[in-house]
1. For residues that are of a type in the set (D, E, K, R), in a helix (DSSP H, G or I) and within 10 Å of the ligand (Cβ to nearest atom), tally how many sit in the stretch 43-74.
2. Would you point out the residue of the stretch 75-91, among those that are part of a helix (DSSP H, G or I) and either in contact with a helix residue (DSSP H, G or I) (Cβ under 7 Å, 6 or more places away or on another chain) or under 17 Å from residue 133 (Cβ atoms) (or both), that is farthest from the ligand (Cβ to nearest atom)?
3. Examine the stretch 93-106 for a residue that is within 12 Å of the ligand (Cβ to nearest atom), buried (at least 17 other Cβ atoms within 10 Å of the Cβ), aliphatic (A, V, I, L, M) and closer than 24 Å to residue 30 by Cβ, and state whether such a residue exists.
4. Search the stretch 89-103 for residues being on the phi < 0 side of the Ramachandran plot and either acidic (Asp, Glu) or within 14 Å of the chain's Cα centre (by Cα) (or both), and hand back the single one that is modelled with the lowest pLDDT.
5. Of all the residues that make up the stretch 69-78, how many are within 16 Å of residue 122 (Cβ to Cβ) and surrounded by fewer than 18 Cβ atoms within 10 Å (Cβ to Cβ)?
6. Out of the residues in the stretch 107-118 that are surrounded by fewer than 20 Cβ atoms within 10 Å (Cβ to Cβ) and of a type in the set (A, V, I, L, M), which is nearest to the ligand (Cβ to nearest atom)?
Amino acid sequence: MRRLAVLGAMSLALLVWGCEAGPEDNQPPRTDYYSTTVQPIFRKNCYRCHGGMNHRGGLSLATRAGVLKGGDKGRVVIPGDPANSTLVESIRHEGQDKNPKVKPMPSKGRKLSDADIAIVEGWVKAGAIMPEHVPKP
Ligand code: HEC
(Lines give C-alpha, C1' and ligand atoms only; values in the text may rest on other atoms or scores of the structure.)
Protein backbone atom coordinates (compact mmCIF):
# COMPACT_ATOMS: atom_id res chain seq x y z
CA MET A 1 0.00 0.00 0.00
CA ARG A 2 2.74 2.39 0.93
CA ARG A 3 4.58 1.64 -2.24
CA LEU A 4 1.47 2.48 -4.20
CA ALA A 5 1.13 5.80 -2.43
CA VAL A 6 4.74 6.66 -3.18
CA LEU A 7 4.26 5.71 -6.79
CA GLY A 8 1.13 7.85 -6.94
CA ALA A 9 2.93 10.85 -5.50
CA MET A 10 5.75 10.38 -7.97
CA SER A 11 3.53 10.26 -10.99
CA LEU A 12 1.65 13.32 -9.73
CA ALA A 13 4.94 15.18 -9.38
CA LEU A 14 5.85 14.13 -12.89
CA LEU A 15 2.51 15.31 -14.20
CA VAL A 16 2.86 18.73 -12.55
CA TRP A 17 6.41 19.04 -13.79
CA GLY A 18 5.32 18.08 -17.27
CA CYS A 19 2.65 20.79 -17.33
CA GLU A 20 4.93 23.49 -16.07
CA ALA A 21 7.75 22.82 -18.44
CA GLY A 22 6.97 24.85 -21.53
CA PRO A 23 8.81 24.44 -24.80
CA GLU A 24 11.08 27.33 -23.81
CA ASP A 25 12.42 25.33 -20.87
CA ASN A 26 13.88 22.63 -23.07
CA GLN A 27 15.55 24.69 -25.72
CA PRO A 28 17.28 28.03 -25.94
CA PRO A 29 14.94 30.92 -26.74
CA ARG A 30 14.60 31.23 -30.45
CA THR A 31 12.92 33.83 -32.50
CA ASP A 32 11.07 31.22 -34.51
CA TYR A 33 9.10 30.31 -31.39
CA TYR A 34 7.65 33.80 -31.68
CA SER A 35 6.91 33.48 -35.39
CA THR A 36 5.33 30.05 -35.20
CA THR A 37 3.54 30.19 -31.86
CA VAL A 38 3.13 33.68 -30.40
CA GLN A 39 2.65 35.85 -33.46
CA PRO A 40 -0.35 33.86 -34.74
CA ILE A 41 -2.15 34.65 -31.48
CA PHE A 42 -1.42 38.37 -31.83
CA ARG A 43 -2.27 38.26 -35.51
CA LYS A 44 -5.62 36.65 -34.91
CA ASN A 45 -6.65 38.64 -31.85
CA CYS A 46 -4.74 41.90 -31.70
CA TYR A 47 -3.45 43.09 -35.09
CA ARG A 48 -6.88 44.41 -36.00
CA CYS A 49 -6.22 47.20 -33.50
CA HIS A 50 -2.47 46.92 -32.83
CA GLY A 51 -0.97 45.91 -36.17
CA GLY A 52 -0.19 47.48 -39.52
CA MET A 53 -1.30 51.11 -39.41
CA ASN A 54 -3.40 50.52 -36.32
CA HIS A 55 -1.87 51.68 -33.07
CA ARG A 56 -4.79 51.81 -30.68
CA GLY A 57 -3.69 53.17 -27.34
CA GLY A 58 -0.40 54.06 -29.04
CA LEU A 59 0.53 50.39 -29.10
CA SER A 60 1.77 48.41 -32.09
CA LEU A 61 2.38 44.70 -31.64
CA ALA A 62 3.57 44.29 -35.22
CA THR A 63 7.24 45.09 -34.63
CA ARG A 64 9.74 44.34 -31.92
CA ALA A 65 10.31 48.06 -31.43
CA GLY A 66 6.56 48.56 -30.97
CA VAL A 67 6.21 45.75 -28.46
CA LEU A 68 9.15 47.03 -26.41
CA LYS A 69 8.11 50.68 -26.60
CA GLY A 70 4.62 49.97 -25.32
CA GLY A 71 1.63 52.26 -25.51
CA ASP A 72 0.52 55.73 -24.48
CA LYS A 73 0.76 54.71 -20.85
CA GLY A 74 4.21 53.23 -21.03
CA ARG A 75 5.77 49.82 -21.34
CA VAL A 76 3.48 46.82 -21.68
CA VAL A 77 6.08 44.05 -21.82
CA ILE A 78 8.90 43.70 -19.31
CA PRO A 79 10.98 40.81 -20.71
CA GLY A 80 11.32 38.10 -18.09
CA ASP A 81 8.70 39.63 -15.82
CA PRO A 82 5.16 38.69 -16.87
CA ALA A 83 3.75 39.69 -13.46
CA ASN A 84 4.65 43.31 -14.19
CA SER A 85 3.80 43.28 -17.88
CA THR A 86 0.49 45.04 -18.46
CA LEU A 87 0.06 43.14 -21.73
CA VAL A 88 -0.11 39.89 -19.78
CA GLU A 89 -2.48 41.38 -17.22
CA SER A 90 -4.66 42.72 -20.00
CA ILE A 91 -5.14 39.35 -21.67
CA ARG A 92 -5.73 37.64 -18.34
CA HIS A 93 -8.51 40.16 -17.75
CA GLU A 94 -6.93 40.80 -14.40
CA GLY A 95 -5.25 43.68 -12.79
CA GLN A 96 -7.87 46.38 -13.13
CA ASP A 97 -8.15 46.51 -9.34
CA LYS A 98 -4.43 46.65 -8.86
CA ASN A 99 -3.87 48.95 -11.79
CA PRO A 100 -6.86 50.73 -13.32
CA LYS A 101 -4.98 51.53 -16.51
CA VAL A 102 -4.99 47.85 -17.47
CA LYS A 103 -7.98 47.32 -19.74
CA PRO A 104 -9.10 43.81 -20.60
CA MET A 105 -7.85 42.83 -24.08
CA PRO A 106 -8.91 42.12 -26.79
CA SER A 107 -11.04 45.14 -26.00
CA LYS A 108 -13.88 43.70 -28.03
CA GLY A 109 -14.56 40.05 -28.45
CA ARG A 110 -13.69 36.98 -26.52
CA LYS A 111 -10.98 36.45 -24.01
CA LEU A 112 -8.10 34.34 -25.30
CA SER A 113 -8.06 30.65 -24.45
CA ASP A 114 -6.12 29.65 -21.35
CA ALA A 115 -3.63 27.87 -23.60
CA ASP A 116 -3.00 31.03 -25.64
CA ILE A 117 -2.65 33.13 -22.50
CA ALA A 118 -0.12 30.63 -21.14
CA ILE A 119 1.87 30.82 -24.39
CA VAL A 120 2.07 34.62 -24.30
CA GLU A 121 2.92 34.60 -20.61
CA GLY A 122 5.62 31.95 -21.08
CA TRP A 123 7.06 33.91 -23.98
CA VAL A 124 7.34 37.08 -21.86
CA LYS A 125 8.86 35.06 -19.03
CA ALA A 126 11.46 33.60 -21.38
CA GLY A 127 12.53 37.14 -22.34
CA ALA A 128 10.00 38.11 -25.02
CA ILE A 129 12.41 37.01 -27.73
CA MET A 130 11.24 38.03 -31.17
CA PRO A 131 12.89 38.90 -34.45
CA GLU A 132 13.77 42.52 -35.06
CA HIS A 133 11.82 42.49 -38.27
CA VAL A 134 8.68 40.52 -37.79
CA PRO A 135 7.47 38.80 -40.93
CA LYS A 136 4.52 40.64 -42.41
CA PRO A 137 1.22 39.57 -40.91
C1 HEC B 1 -11.04 46.16 -31.07
C2 HEC B 1 -9.77 46.79 -30.90
C3 HEC B 1 -8.71 46.14 -30.03
C4 HEC B 1 -8.26 44.84 -30.05
C5 HEC B 1 -8.75 43.69 -30.91
C6 HEC B 1 -7.18 44.78 -29.09
N7 HEC B 1 -6.98 45.99 -28.50
FE8 HEC B 1 -5.58 46.46 -27.12
N9 HEC B 1 -6.25 48.39 -27.05
C10 HEC B 1 -7.32 48.89 -27.78
C11 HEC B 1 -7.58 50.26 -27.39
C12 HEC B 1 -8.69 51.15 -27.95
C13 HEC B 1 -6.61 50.58 -26.38
C14 HEC B 1 -6.47 51.87 -25.59
C15 HEC B 1 -7.31 51.71 -24.36
C16 HEC B 1 -7.31 52.92 -23.47
O17 HEC B 1 -6.23 53.42 -23.18
O18 HEC B 1 -8.39 53.31 -23.04
C19 HEC B 1 -5.79 49.38 -26.21
C20 HEC B 1 -4.75 49.29 -25.31
C21 HEC B 1 -4.00 48.16 -25.11
C22 HEC B 1 -2.91 48.07 -24.16
C23 HEC B 1 -2.45 49.19 -23.24
C24 HEC B 1 -1.59 50.19 -24.01
C25 HEC B 1 -1.36 51.44 -23.20
O26 HEC B 1 -0.21 51.76 -22.88
O27 HEC B 1 -2.35 52.10 -22.89
C28 HEC B 1 -2.42 46.79 -24.24
C29 HEC B 1 -1.27 46.20 -23.44
C30 HEC B 1 -3.18 46.11 -25.25
N31 HEC B 1 -4.12 46.96 -25.76
C32 HEC B 1 -2.96 44.79 -25.62
C33 HEC B 1 -3.77 44.10 -26.54
C34 HEC B 1 -3.55 42.72 -26.88
C35 HEC B 1 -2.43 41.85 -26.34
C36 HEC B 1 -4.54 42.39 -27.76
C37 HEC B 1 -4.81 41.04 -28.38
C38 HEC B 1 -4.94 39.93 -27.45
C39 HEC B 1 -5.36 43.57 -27.97
N40 HEC B 1 -4.85 44.59 -27.22
C41 HEC B 1 -6.45 43.63 -28.83
C42 HEC B 1 -8.04 48.19 -28.74
C43 HEC B 1 -7.92 46.85 -29.06
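The values are calculated or read from the model by the stated rules, or taken from the named source; none is laboratory data. Please read these numbers as outputs of a predicted model, since none were measured by experiment. Here the Cβ positions follow ideal geometry from the backbone for every residue, glycine too, while neighbour counts run over all protein chains shown.
1. So the first thing to find is which residues in the stretch 43-74 are of a type in the set (D, E, K, R), and the list is 43-44, 48, 56, 64, 69, 72-73.
When the remaining residues are screened for being in a helix (DSSP H, G or I), the result is 43-44, 48, 56, 64, 69.
Those left that are additionally within 10 Å of the ligand (Cβ to nearest atom): 43-44, 48, 56, 69.
Total meeting the criteria: 5.
2. Filtering first and then ranking leaves 82.
3. No: the stretch 93-106 contains no residue that is within 12 Å of the ligand (Cβ to nearest atom), buried (at least 17 other Cβ atoms within 10 Å of the Cβ), aliphatic (A, V, I, L, M) and closer than 24 Å to residue 30 by Cβ.
4. Filtering the stretch 89-103 down to residues on the phi < 0 side of the Ramachandran plot leaves 89-92, 94, 96-103.
The next check asks that each one be either acidic (Asp, Glu) or within 14 Å of the chain's Cα centre (by Cα) (or both); those that pass are 89-92, 94, 97.
Values: 89: 92, 90: 94, 91: 95, 92: 92, 94: 79, 97: 68.
Filtering the stretch 89-103 for residues that are on the phi < 0 side of the Ramachandran plot and either acidic (Asp, Glu) or within 14 Å of the chain's Cα centre (by Cα) (or both), the one modelled with the lowest pLDDT comes out as 97.
5. Pass one, the stretch 69-78, residues within 16 Å of residue 122 (Cβ to Cβ): 77-78.
If we keep only those that are surrounded by fewer than 18 Cβ atoms within 10 Å (Cβ to Cβ) too, we end up with 78.
Within the stretch 69-78, residues that are within 16 Å of residue 122 (Cβ to Cβ) and surrounded by fewer than 18 Cβ atoms within 10 Å (Cβ to Cβ) number 1.
6. The first filter runs over the stretch 107-118 and keeps only residues surrounded by fewer than 20 Cβ atoms within 10 Å (Cβ to Cβ), leaving 107-111, 113-118.
Remaining after also requiring of a type in the set (A, V, I, L, M): 115, 117-118.
Values: 115: 14, 117: 9, 118: 13 Å.
Top of the filtered list is 117.
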